[in-house]
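To start, the structure under review is shown below, and the notes come after it.
The values are calculated or read from the model by the stated rules, or taken from the named source; none is laboratory data. Predicted, not measured: the structure shown is a model, and the values here were computed from it. So basically every Cβ, Gly included, is an ideal-geometry build from the backbone, and we count neighbours across all protein chains shown. All accessible areas refer to the heavy atoms of the entire protein, side chains included, with ligands and DNA or RNA removed. Shrake-Rupley method; radii C 1.70, N 1.55, O 1.52, S 1.80 Å.
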Amino acid sequence: MNAAANMPGWALFLTAVLLLLSASLTLIGTIGLLRLQTFYERTHAPTLGTTLGIGFMLFASMLYFSVLQSRPVLHELLIAVFMTVTTPITLVLLVRAALYRDRHAGSSEVPQTTPPKSSLLEQEDIDGN
């Protein structure tokens, strides 16, 4: 016998909606990965899509097992915290490494490290020249 047969309909419906939302957001992120052209564009869609997709999947899991076991199941919150913290950090590290590589190769697609002219003028005013 299936454990879901003993669950109320509202919990099953809400779990199904959360899982469909999760799958849709993850699919959107994946399509963004395929459609966007440059590495810098490609980093955003999957990061945002999968972060939200995983979040909804964790909420669905928390709801399903909390109702099934008749007690709050909250250990998925640890996974959510780790994903929320590590995904942006990974994104920043990947983009910085790619930016360094592209600047070192002399790519014209990325800005160079020279400060803008307004910053140079402000520095001259500070120095008194």
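What FRET efficiency would be calculated for the residue pair Ala5, His75, taking the C-beta separation as r and a Förster radius of 30 Å, to the nearest 0.05?
On the way: r = 25 Å, r/R0 = 0.82.
Efficiency computed from Cβ-Cβ geometry: 0.75.
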Worksheet entry | Ranking by accessible area, most exposed first, for Thr26, Thr84 with a 1.4 Å probe | Thr84, Thr26
Worksheet item: Could you give the nm distance between label points at Met83 and Ala23, where each point is 7 Å from its Cα heading toward the beta carbon?
Response: 1.6 nm
Fill in: Residues with amide H under 5 Å from that of Val73, placed H, sequence gap 5 or more
Ser66
Fill in: List His104, His75, ordered by accessible area with a 1.4 Å probe, largest first
His104, His75
Worksheet item: To the nearest 10 square angstrom, how much accessible area does Glu41 have with a 1.4 angstrom probe?
Response: 80 Å²
Worksheet item: How far is helix 76-105 tilted off the main Cα axis of the chain, in degrees rounded to 10, range 0 to 90?
Response: 30 degrees
Discussion item. Using a Förster radius of 22 Å, what is the FRET efficiency between Leu93 and Thr38 based on their Cβ-Cβ separation? Nearest 0.05, please.
Written reply: 0.80
